[in-house]
Amino acid sequence: MERERVENRAGAQERQVPHGINEEVERVKGMQDTSPGYAQPGGHFGAFGGRFVPETLIAPLEELEEAYLEAARDPAFIEELDGYLRDYVGRPTPLYRAERLSRELGGATVFLKREDLCHTGSHKINNTLGQCLLARRMGKRRVIAETGAGQHGVATATAAALLGLQCDVYMGEVDMERQALNVFRMELLGARVIPVRCGSRTLKDAVNEALRDWVASVDHTHYCLGSVVGPHPFPTMVRDLQSVIGKEARRQHLEKTGRLPDCLVACVGGGSNSIGLFHPFLDTGVRMVGVEAGGVGDGPGQHGSTLGLGSVGVLHGARSYLLQDDDGQVMETHSISAGLDYPGVGPEHAFLKDSGRVEYVRVSDAEALEAVDLLCRTEGILPALESAHAVAYAARLARELGPGASIVVCLSGRGDKDVNTLSSARTRKNKPAG
Amino acid sequence: MDGITRLEKMFEGIGGRPALIGFHTAGFPDRDVSLRICRALLDHCDALEVGIPFSDPVLDGPVIQESSFRALRAGFRPRHVFGLVGELRKDSDKPLLIMTYYNPVHRMGHGPFCRAAAEAGADGLLIPDLPPEEMGDLRERAGERGLAVVLFASMTTPDDRLRMLAGQTQGFLYCFAVKGTTGMRESLSRELAPFLERARRFSSAPIAAGLGVSNPEQCREVGRLADGVIVGSALVKAIMDALEAGEDPVPALSSLVSALRDSLHQD
């Protein structure tokens, strides 16, 4: 009872503040003293994070950090961002009690944080609006982005169109094929989609190519990085911008049930929707589970389980877990969902894994596909294949935790972009063997 | 002789003209040919950088990317670079530097990497994605083995940081001649001269400029502003063109690199 009252008070408090990033910055600043590792100077999370980039990018990253911290303390900036999040993105997104799903699972109550209802169809817009507003404030006239599933590319193209910025999106050739719908959407929005033909031709190489562009164009271009990866300040900045997910979910769960949830579940590719959900709960005892892409097996190249099966390394400007071989060459990955098909992961996740605060598990392609069917059938919601990984693990947990418990799942995106993949997976499955 | 001393002597010993530093991707197109290529480069250059091929070369343009991927496909592994350096050391006392992205060093560990590099006969390390703030104990481990850790400076580097980098670099200060990745450019940046003047003002170590320097004219122009000129992509491109034409790459490479060297003699 005591705990509930305290939480309710906290909830009442939270209702009064806008979901801006300024309080998050202040909060994190406060945390530096008491909980080292969450965001130390230089952008380190314990042994992870940092700024492993060519010298040409060091000064621009420092400028970006300063500009971001200044913007995050400027009421006019916060007001503008909050206004767009409310009236343009449609925030707050609902926390939906999935009754039929919960009944079917026969265990805990599952709540879905409906980021799929955000404008553009995923949580990515929370980040791109903040970064594009910042880019405009810094006087940059062009933004570039990498994209895997295309959701971040679409969200960047959207924010760029809204704010009158030129936009180029790097996308691996393999991903352009499996996410053709999103390629077309980006082009409709006035962005140029640049195919990446080197390496694995997926998200990793799209990041490489965007970094190469940025080293040459940094005078007038902002790199709108789509996840909590990359050199400092990106992991912190993107985390702050995505924390709106967890702040809303915490308040909404308190309003609906009078207490905090027992468990949070979110998928982890780079890890932006998951850190957005988890971060505002780090100071509670709530259990948290990050779900990585288990792909088709645990062998090299069969999955995207960076935290589960990787080792510590340096890629894309930060030290974190990495899928690499004995020589430190980065390995190819596999996932049915383009957004989780990435050999790296955000440095804060690496820290949260090693500290034991968050559990990281994996869900296979097949389980994710089953979860898509399950959610469509029970709730009439088509989740993105990325988010379906979280749904699949939540289904397992719901049975394990049993009635009375409550699970919040981040439904990070909608699945319209995946219909071709889903359709060919179904065809394969229905084809008789041999 | 330790690496820092060898580099210092090289800059002092060439009689006032700028040094020519060549680059080659180790293992490209394969181990044997890359050894012959490196030997040919050492005939004409004052020092040589050998690059460890990496799966994610973010600072490299298409030419060096392609050479890296081809070397990796041909089975090259980071430890082979020590074998290559060891072979080159047998018949050259010119400075030999290992250029690598950080992750292969991180993976092997600072101590083992520096030991292997030094035992092979390398004089220094160039790690373009590792700023001094993130080096940990790398400089100590390199120092124990007499390896120079060369730092980088860019046109975007502000004065106070440039002073810090110039003060901490060993052997020389590597100045990026372009904002961007490796690769050939039609002309030099207008920002290059003021940048190199600035670097000169802060650096008591020699300054060498590389990235985007690809022909004798550019080489001569950069040579007027710096103590050393570094050429990479143009050499690798010449090798690729020769291979494409079914020719031995060494003669074409030798004629290019001797033209580059001659351009530095003419002032």
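What follows is calculated from the coordinates using simple rules that are stated; it is not laboratory data. Predicted model, so just to flag it, every value in this text is computed and none were measured. Note that we place each Cβ from the backbone using ideal geometry, even for glycine, and neighbour counts take in every protein chain shown.
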7 Å from Cα along Cα→Cβ at both A:Arg357 and B:Ile14: what's the point-to-point distance in nm?
5.2 nm
Counted neighbours (other Cβ, 10 Å), sorted fewest up, put A:Tyr88, A:Tyr96 in the order A:Tyr88, A:Tyr96
What is the set of long-range amide H partners of B:Ala148 at a cut-off below 5 Å, with H atoms built 1.01 Å from backbone N?
B:Gly3, B:Ile4, B:Gly124, B:Leu125
Taking square-rooted eigenvalues a ≥ b ≥ c of the alpha carbon gyration tensor, is segment A:314-434 rounded, prolate or oblate, where a/c under 1.5 means rounded and, failing that, a/b exceeding b/c means prolate?
oblate
Amide H to amide H, which residues 5 or more places from A:Gly301 or on other chains are under 5 Å from it, using H placed in the peptide plane?
none
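For chain B, what class follows from the C-alpha gyration tensor (a ≥ b ≥ c being the square roots of its eigenvalues): rounded when a/c is under 1.5, otherwise prolate if a/b is larger than b/c, else oblate?
rounded
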Count the DSSP beta bridges whose two residues both fall in the protein assembly as shown, then state the antiparallel fraction as a percent rounded to the nearest 5.
20 percent
State, to one decimal in nm, how far the label point of A:Ser423 lies from the label point of B:Asp137, with both points 7 Å from Cα in the Cβ direction.
5.9 nm
Counting only residues 5 or more places away or on other chains, whose amide H sits under 5 Å from the amide H of A:Val143 once H atoms are built in the peptide plane?
A:Gln166, A:Cys167, A:Asp168, A:His222
Assuming R0 = 60 Å, can you tell me the calculated FRET efficiency for the pair B:Arg36 and A:Asp74, based on Cβ-Cβ distance, to the nearest 0.05?
0.50
Specify which residue in the list A:Leu309, A:Phe278, A:Val361 is farthest towards the positive end of the charge dipole of segment A:262-382, using unit charges on the beta carbon of Lys, Arg (+1) and Asp, Glu (-1), about the Cα centre.
A:Phe278
List A:Phe278, B:Phe76, B:Phe69 from most exposed to least, where exposure is judged by having the fewest other Cβ atoms within 10 Å.
B:Phe69, B:Phe76, A:Phe278
Would you mind working out the magnitude of the charge dipole of segment B:3-263 relative to its Cα centre, with +1 at each Lys and Arg C-beta and -1 at each Asp and Glu C-beta, to the nearest 20 Debye?
300 debye
Chain A, dipole about Cα centre (Lys/Arg Cβ +1, Asp/Glu Cβ -1), debye to the nearest 20
1120 debye
Provide the per-residue ³J(HN,Hα) series for segment B:185-196, in order, calculated from phi with Karplus coefficients 6.51, -1.76, 1.60 and θ = phi - 60°, each as a whole number of Hz, with x at glycine and proline positions.
10, 5, 9, 7, 6, 5, 7, 5, 4, x, 5, 5
Here the relative contact order (percent) of chain A, from C-alpha pairs under 8 Å and at least 6 apart, is 20 percent
Kindly identify chain A as rounded, prolate or oblate by the Cα gyration tensor criterion: order the square roots of the eigenvalues as a ≥ b ≥ c, call it rounded if a/c is under 1.5, otherwise compare a/b with b/c, prolate if a/b is larger, else oblate.
rounded
Quick check on segment A:34-193: what does the Kirkwood estimate of hydrodynamic radius come out to from the alpha carbon pairs, in Å?
18.0 Å
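Given contacts defined as C-alpha pairs under 8 Å and at least six residues apart, what's the relative contact order of segment B:3-263, whole-number percent?
21 percent
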Spelling out what I want: for every residue of segment A:88-101, take phi, set θ = phi - 60°, compute 6.51 cos²θ - 1.76 cosθ + 1.60 (Karplus), and round to whole Hz; glycine and proline get x.
9, 7, x, 7, x, 7, x, 9, 9, 7, 7, 5, 5, 4
Cleavage-rule hits, trypsin sites (Lys or Arg not before Pro), segment A:156-264, DSSP coil, Cβ neighbours within 10 Å at most 13:
A:Arg197
Using the Karplus equation 6.51 cos²θ - 1.76 cosθ + 1.60 (θ = phi - 60°), what ³J(HN,Hα) coupling, rounded to whole Hz, does each residue of segment A:45-53 give in order, writing x for Gly and Pro?
10, x, 7, 10, x, x, 9, 9, 9
Just to confirm my numbers, what's the Cα centroid distance between segment A:91-154 and segment B:148-179 in Å?
41 Å
To make sure I understand, if each residue's beta carbon is the centre and we count other beta carbons within 10 Å, what order do B:Ile37, A:Ile58 fall in, fewest to most?
A:Ile58, B:Ile37
